[in-house]
């Protein structure tokens, strides 16, 4: 008989991990990308140009039950192991990245949303059964994204919308795999001060010669 593989959740920064009490019945993974429409006179449908990918979203429902004939322990001792992962880590000033692992699934993410629903209680009001709906948002560092498949634009022009916190060197690292070629983007877009970028501004990313 095959051994039951337990789903587990891991704090990536500390490597601490916890097995779930009961494996989920199902999970869903959602992935989307952004296409920017460019209107052209005389056309019924605008031309669409790829701008960027969005992080994958993993949604899973976890069941917790500590009830016994004698009443059971407080189920929040178990659910807190997960809810604690939404607390800000003072060393990084943000909640830690996590990894949800179950069999062939290994999903590195941050927890974007957590809903706790308590559905059974002892006579003194202490909860002994709970369902947690957890939404994980895919998390990858720039180095992790560039190392296996550098996303270089070497033979055609792309467009990218500036997001809050973007810099020319960061965009160059993501798009060309080399932060040092930021001047190519600056020259193409006639940017005199590369340190000042406005969120929402559209940049042309030329091919590298």
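The values are calculated or read from the model by the stated rules, or taken from the named source; none is laboratory data. Keep in mind the model is a prediction, meaning the values are calculated, not measured. No Cβ is skipped: glycine too gets one built from the backbone with ideal geometry, and neighbour counts run over all protein chains shown.
Among the strands (runs of 3 or more DSSP E) lying completely within the stretch 1-72, list those that include at least 3 residues that are at pLDDT 90 or above and farther than 30 Å from residue 203 by Cα.
Filter on the stretch 1-72 gives 8-11, 27-30, 57-65.
Which of the helices (runs of 4 or more DSSP H) contained wholly in the stretch 95-209 include at least 3 residues that are at pLDDT below 85 and over 30 Å from residue 11 (Cβ atoms)?
Per the criteria, 168-176.
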